[in-house]
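Scroll down for the structure; my scribbles are underneath it.
The values are calculated or read from the model by the stated rules, or taken from the named source; none is laboratory data. Source: prediction; values computed, not measured. Glycine gets a Cβ as well: all are built from the backbone with ideal geometry, and neighbour counts include every protein chain shown. Remember, those area values only see protein heavy atoms, side chains included, never the ligands or the DNA or RNA. Shrake-Rupley method; radii C 1.70, N 1.55, O 1.52, S 1.80 Å.
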Amino acid sequence: AASDVYKRQYSLPSIAEGSNYGFYYGPGLNVRENGKIKTIPPAAYVSNNYIDKFNNALPWSIVAGPRRGIVSGTNVIGAEYAFDKSDRDNLEPFGINPIVFERGVGLNIKGNKTGQQNVKSALRSAHVREVLIYIENAISDILKGYVFEFNTAQTRLEIKTLADSFMEGVLADKGVYAYKNVMDQTNNTNEVIDNNMGILDTYIERVKGLEIIVHRTTVLNTGEISTGGY
């Protein structure tokens, strides 16, 4: 009897399952081991890029491209599959960051996506999630120093001043394009204070990556550049 044929469907986690905290890469890597070629998941190799990024760059630098996206390792000889442009056009919107071989560059990551691609938001970009984690952790450390202090205008001003000072550093290092911290009577209403709570709201505008670079060349008539007539 003919066996049944089943179609396997794969999906990434939902938002409730943490899709914008996960970064996914493919295909597998071909590695020579004891004279044989084995296909290994790329996660361990890609994680080295993240470690190098934290050591040599900034926490929110994008792990992709020829500077921070080179995928290499002992006995790595290539990718399991050579993704072409058509493959990439399908994979990246799904949330998969392709690893592609480029002549003169080598194997490198050609995507900056999180697993959240079904909802259009800033959290579709991996570096945005990373900068948010960095900001949230640092501001959490600031707030820990004020637990059980009185929720007064002076305390709120101290917290906002420290948060502003921290965010100025992130802004200077191009982690955000702009920011605003709010901790006053507008978000610390009487009801909030009566519930023994304090609220600090941080708003940021993200810095976007150069995922697509367009080069345009225009031919001009003689003398147009020197006269500024272009």
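Before moving on, here are some points about what is shown:
- Debye intensity ratio I(q)/I(0), log10, the chain, q values 0.13, 0.15 Å⁻¹ (C-alpha model): -0.92, -1.06
- Under 11 Å, Cβ to Cβ, from K38 - net charge with Lys/Arg +1 and Asp/Glu -1: 0
- When the Cα positions of N187, V207, N221 are compared along the charge dipole of the stretch 178-223, N221 comes out farthest toward the positive end, with charges on each C-beta of Lys, Arg, Asp and Glu.
- Per residue, the average separation of C-alpha pairs within less than 8 Å and at least 6 apart gives the stretch 11-92 a relative contact order of 32 percent.
- Cα long-axis angle, helix 43-56 against the chain (0 to 90 degrees, to the nearest 10): 50 degrees
- The calculated P(r) of the stretch 136-230, using every Cα pair and 10 Å bins from 0, goes 13, 32, 18, 12, 9, 9, 6, 0 in percent.
- The relative contact order of the chain comes to 16 percent, based on Cα pairs under 8 Å that sit 6 or more residues apart.
- For the stretch 49-136: Kirkwood Rh in Å [reciprocal of mean 1/r, alpha carbons]: 14.0 Å
- Magnitude of the charge dipole, the stretch 1-142, Cβ model with Lys/Arg +1 and Asp/Glu -1, debye to 20: 300 debye
- Using alpha-carbon coordinates, inclination of helix 126-144 to the longest axis of the chain, degrees: 30 degrees
- Seen against the Cα atoms of the chain and their longest principal axis, helix 153-172 is set at about 30 degrees.
- Whole-percent carbon and sulfur share, accessible surface of the chain, 1.4 Å: 52 percent
- Antiparallel content of DSSP bridges confined to the chain, in %, to 5: 85 percent
- Prolate/oblate/rounded label for the stretch 185-230 (Cα gyration tensor, a/c 1.5): prolate
- Above-threshold pairs, the threshold being 29 Å between Cα atoms, out of K120/K174; K110/K144; K85/K174; K53/K180; K113/K160: K110/K144; K85/K174; K113/K160
- Cα gyration tensor shape for the stretch 1-84, rounded if a/c is under 1.5, else prolate or oblate: oblate
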